[in-house]
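No lab work stands behind these numbers, since they all come straight from the coordinates. Since this is a predicted model, take the numbers as computed values, not measurements. Don't worry about glycine lacking a Cβ; one is built from the backbone with ideal geometry, like all the others, and counts go over all protein chains shown.
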Amino acid sequence: MADLDTKPRPGASRRDFLRGSGLAAASAVISGPARAALDEAAAEAREAQDAVPVLSGQVKITLKVNGQERHTTVEPRSTLLDTLRHRLDVTGPKRVCDRGSCGACTTLVDGAPVYSCTTLAVSCQGKTIETLESFDTGPEGVPHAFHQNDGLMCGYCTPGFVTACKALLDRNPHPTLEEVKQGLNGNICRCGTYVGVLKAALAAAKSMKGA
Amino acid sequence: MTMKAFEYASPSTLDLALKALAAPSSEALSGGTDLLCRMKDDVAAPERLVYLKDVKDLAGVKGSAAEGVTIGAGTLLASVVASEAVKASYPALWQTTLEVGTPQIRNMATVGGNLLQRPRCWYFRNGFGLLAMQEGKSLVRLGDNRYHSIFMTDGDALFTSPSSLAVPLIALGATATIVGPNGERTLPVEDLYRAPRTDKQRELTIEPGEILTKVTIPPAKGKNASYEIRAKQSHDWPIVLASVNLTLEGETVSAAKIMLYGVAPIPWRSAAAEQALIGKKLSVETAEDAGKAAVKNAQPLSMNQFKVSLTTTAVKRALLTAGGMKYWEA
């Protein structure tokens with residue numbers, strides 16, 4: 001919903017402060033307005049030769065995130081992860097390696113777990129995007145199983161593990177330990193709490209089927 | 001680092017994609033797992049990305065073992081793994097696809113993107129170019145070269161060819177189809193690659209503005225298998241991978257194609273290993289002999305002697321796997 005995007009927050013949060021200072025820094029390096037106008041004219045000339053729309057600069061997009069239509073403005077180079085975190089305040093997926101190597105940003109796009117740091121936001125329009133904010137936090141949910149089984153230490157990789165675990169159990173509700181290991185091997189925990197994570201995944205599978 | 005700004009087009013047909021790609025400094029984007037990371041590292045800075053995943057005709061696995069299988073370049077690796085036809089008849093390809101990256105990568109990355117990814121050489125990835133020459137000296141030879149080539153090392157290209165899928169596909173005799181402004185051409189998968197002679201040359205033969213549309217694997221006959229040696233169970237490229245495709249007459253090997261990954265700047269065909277095997281019965285001894293023959297002319301660099309023994313082992317185990325033998329019981 002559009003009103004969520006502009007919802008006022010009480011006081012200035014640390015996130016608002018960081019976002020504000022980032023904008024200030026960015027505007028300091030933007031080239032002159034004349035240059036920008038020239039670039040725009042060149043881009044338009046190129047677009048005229050194309051039969052498909054060519055997006056550049058600021059692009060208005062609509063993303064379906066956790067069941068809600070969210071409207072925002074991004075650049076073509078904005079990743080899904082940065083758009084979720086910085087534009088839509090969906091901060092469950094974490095930015096760690098930013099190179100599709102660690103799994104902390106794992107997000108479900110059309111039900112499949114992908115690395116949102118290596119996915120362009122503009123390419124996700126019309127797709128169903130789910131982050132762990134939408135998961136069941138009750139006793140049958142995956143987050144609860146991680147809590148109960150010590151599936152985290154510092155916790156920064158945990159959202160990625162929880163999301164990959166949910167995706168695995170959606171596809172395979174009765175995984176063996178080996179299948180859990182394969183399903184979660186796109187995520188890294190530098191604290192090394194893998195034993196707890198694997199226990200949590202098996203426990204979540206158990207409680208989901210009500211055993 | 002944030003990527004440099006670029007234009008973005010997401011055409012829905014191949015024709016529109018070719019038109020959009022005709023603009024200068026355009027690159028095709030598919031899974032993004034390689035290209036976007038190179039852009040973040042400022043090794044690539046295209047002015048336009050043409051997103052190919054909305055061209056639905058590019059994705060899908062068609063055919064059967066009897067008539068051969070065609071895999072669209074836009075097919076997700078996860079879809080290749082899910083294909084019963086690939087799993088049953090082309091285990092060399094299926095096993096290698098299953099071992100690419102991670103579940104998330106296989107949900108994003110495509111067959112075409114895997115075949116056309118750029119080398120993982122750390123000099124290239126840090127902006128020193130494919131040949132990594134400075135003041136006439138090779139940084140690879142001077143520096144850390146533990147993951148570089150052991151064949152063709154008398155040349156200047158010392159990186160290793162990065163596509164693990166190319167190796168089983170070439171062993172299986174697959175062809176690639178490329179569409180460009182001047183029409184369509186079909187070539188053996190091995191002809192997608194070359195060892196560059198200058199820093200200006202790419203290791204890929206596909207031209208700017210062209211799109212790889214599909215790979216076609218001929219009907220499956222004989223036995224094929226892959227064996228991969230890697231440092232980590234996931235998240236990584238193989239250090240060495242061997243793919244073998246054998247034709248048997250009775251128990252005798254009448255024809256063999258043995259391809260290696262991780263040893264040369266192109267997918268490396270080991271004619272020596274093939275010759276060591278042809279006309280013989282496949283056994284632990286002949287598999288080991290073929291593995292030894294494969295590295296007879298290897299010229300490792302200062303830090304990658306270990307790849308020579310890994311290659312011997314990979315060839316031996318791939319052959320035994322193809323023959324239905326368990327290498328750990330041998």
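I need the GluC sites (Glu not before Pro) found in region B:165-257, filtered to DSSP loop residues with at most 16 other beta carbons within 10 Å of theirs.
Working: sites: B:Glu184, B:Glu190, B:Glu203, B:Glu210, B:Glu228, B:Glu249, B:Glu251; in loops: B:Glu203, B:Glu210, B:Glu251.
For GluC sites (Glu not before Pro) across region B:165-257 that sit outside H, G, I, E and B with at most 16 neighbouring Cβ atoms in 10 Å, the list reads B:Glu251.
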Percent RCO, i.e. relative contact order, over chain B, from Cα pairs under 8 Å lying at least 6 residues apart: 17 percent
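Treating the beta-carbon of each Lys and Arg as +1 and of each Asp and Glu as -1, no other charges, what is the dipole magnitude of chain B about its Cα centre, to the nearest 20 debye?
440 debye
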Taking A:Cys97, A:Cys105 and counting other C-beta atoms within 10 Å, the order from fewest to most: A:Cys97, A:Cys105
Which of A:Ser56, B:Ser30 has the fewest Cβ neighbours within 10 Å, and the rest in rising order: A:Ser56, B:Ser30
Computed [θ] at 222 nm, deg cm²/dmol, chain B (DSSP H ≥ 4; -39,500 (n - 2.57); rounded to nearest 500): -7000 deg cm²/dmol
Options B:Ser89, B:Met152, B:Leu139, ranked by Cα towards positive dipole end of region B:76-212, top entry (Cβ charges): B:Leu139
For region B:14-28, 3J(HN,Hα) per residue [Karplus equation, 6.51 cos²θ - 1.76 cosθ + 1.60, θ = phi - 60°, Hz, x = Gly/Pro]: 5, 4, 5, 5, 5, 5, 5, 6, 6, 5, x, 6, 9, 10, 7
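Restricting everything to alpha-carbon atoms, can you work out Rg to Rh for chain B with a Kirkwood hydrodynamic radius?
On the way: Rg = 19.6 Å, Rh = 20.3 Å.
My calculation of the ratio gives 0.97.
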Electrostatic dipole magnitude of the protein assembly as shown [Cβ: Lys, Arg +1; Asp, Glu -1; Cα centre; debye, to 20]: 980 debye
Candidates B:Met108, B:Met152, B:Met303: whichever shows maximal mean-square fluctuation once chain B is modelled as a Gaussian network with Cα springs under 10 Å: B:Met303
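Let me know the volume per residue of the alpha-carbon convex hull for the protein assembly as shown, in Å³.
Values: hull volume 94.4 nm³, N = 541.
Convex hull volume per residue, Cα atoms: 174 Å³.
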DSSP beta bridge pairing in the protein assembly as shown, given as percent antiparallel to the nearest 5: 85 percent
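Average partner chain C-beta neighbours within 10 Å, per residue of A:184-191? Walk me through the numbers on the way to the answer.
Numbers: counts 3, 8, 9, 5, 4, 0, 0, 0.
Across A:184-191, the average partner-chain Cβ count within 10 Å equals 4.
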Estimated dipole of region B:1-110 in Debye, rounded to 20 [Cβ of Lys and Arg +1, of Asp and Glu -1, Cα centre]: 120 debye
Alpha-carbon spread of region B:77-154, three principal axes, descending order, Å: 52, 25, 18
Charge dipole of region A:89-200 about the Cα centre (unit charges at C-beta), most positive-ward option of A:Gly92, A:Leu120, A:Gly138: A:Leu120
